[in-house]
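S.K.: Shown below is the structure under consideration.
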Amino acid sequence: MNQESECRPITGKLNQKAALRITNLCKTFGKKSVLKSLNFEVPKGGITGFLGPNGAGKSTTIKIIAGLVAPTSGTVEIQGVLMNGTSSAVFQKLGIMFEAPAFYNYLTARQNYALLTRLQQNKVVDIDHILKIVGLSGSADIKVGEFSQGMRQRLGIGQALLVQPEFLILDEPTNALDPLGRKEIKNLIQHLAQTEKMTIFISSHLLSEIEQICTHAVIIHEGKILAADAIDALREHGVQTLEDYFLKLIEKENQC
Ligand SMILES: Nc1ncnc2c1ncn2[C@@H]1O[C@H](COP(=O)(O)OP(=O)(O)OP(=O)(O)O)[C@@H](O)[C@H]1O
Ligand SMILES: [Mg+2]
């Protein structure tokens, strides 16, 4: 173990049945090192928060998991399968919503989903059921251009559900929403985890917000993992909230 990683121990035990395992993941853009040897796991079941401030490296990590960005080094395993460009089968169990998902504004919600399922050659998908889960049944035939930001975010989550995933990754799903919209999205995420039994990995720069619904958290700062563990275990570090813990970790980090 090098001196740098000694300063930043990763808590939590290795889980053989992890939904996601990230090992020594590095990414540089030109001369800029954005991910600095990330190591963490997302356990199967529950909601794991991927938490860190703006620019910490959350979206870059998610794009690498999705196979959209190549890592400089390191590996990604999803449900025990090493992702190497030929692992398409595992993507059939993985739903991903990226930041600010885009839709055709001149098509309705139902038409957008129909187009996506046709393009992805999915198995038969019950679009009405997905619209119901995300609370858009009543707006199914309205053009997306008329949707509020909250409705768009729900449409984005529904788009990730079209593959009928066991594992759902959401990049900042509460971004740009008002308090009511954020509450609705959090309720929806809890429903997906508890009733639909999905494993959920959700990124946010609002630690206090997501803490309320997460069972586990991975804390990232400037491309480094500061902590990864069950929420209850993280709170045992003599702090009231995850935000306090984050600030404590940063203070320690600056002393290293
Ligand atoms: N294609 C790229 N080329 C160069 N730098 C990039 C590229 N993509 C991301 N970065 C840089 O990588 C760093 C991490 O960006 P990333 O989008 O992963 O952060 P984030 O944690 O998702 O932030 P936010 O909370 O603002 O969404 C930032 O400094 C960003 O400018
Ligand atoms: Mg981001």
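S.K.: Out of curiosity, is Gln159 farther than 29 Å from Ile22 by Cβ, part of a helix (DSSP H, G or I) and at pLDDT 90 or above?
M.R.: No, not satisfied.
S.K.: Go through (1) among the aliphatic types (A, V, I, L, M); (2) within 16 Å of ligand 2 (Cβ to nearest atom); (3) buried (at least 22 other Cβ atoms within 10 Å of the Cβ) for Leu207 and report which single condition fails.
M.R.: Unmet for Leu207, out of (1) among the aliphatic types (A, V, I, L, M); (2) within 16 Å of ligand 2 (Cβ to nearest atom); (3) buried (at least 22 other Cβ atoms within 10 Å of the Cβ): (3).
S.K.: Is at least one residue of the stretch 88-101 over 21 Å from Glu166 (Cβ atoms), of a type outside the set (Ser, Thr, Tyr) and under 20 Å from the mean Cα position of the chain (by Cα)?
M.R.: The answer is yes; a qualifying residue exists.
S.K.: Kindly state which strands (runs of 3 or more DSSP E) lie completely within the stretch 36-114 and contain at least 3 residues that are surrounded by 20 or more Cβ atoms within 10 Å (Cβ to Cβ).
M.R.: 47-51, 94-97
S.K.: Answer yes or no as to whether Ala193 is away from ligand 1 (no atom under 16 Å from the Cβ), surrounded by 19 or more Cβ atoms within 10 Å (Cβ to Cβ) and in the same structural domain as Lys132 (by TED's automatic domain parsing).
M.R.: no
S.K.: I would also like to ask the following. More than 8 Å from ligand 1 (Cβ to nearest atom), in the same structural domain as Met83 (by TED's automatic domain parsing), over 11 Å from the mean Cα position of the chain (by Cα) and of a type in the set (Phe, Trp, Tyr), is that true of Phe40?
M.R.: yes
The values are calculated or read from the model by the stated rules, or taken from the named source; none is laboratory data. As the structure is a prediction and not an experimental result, all values here were calculated from the model. Here the Cβ is made from the backbone with ideal geometry for all residues, glycine too, and neighbour counts use every protein chain on show.
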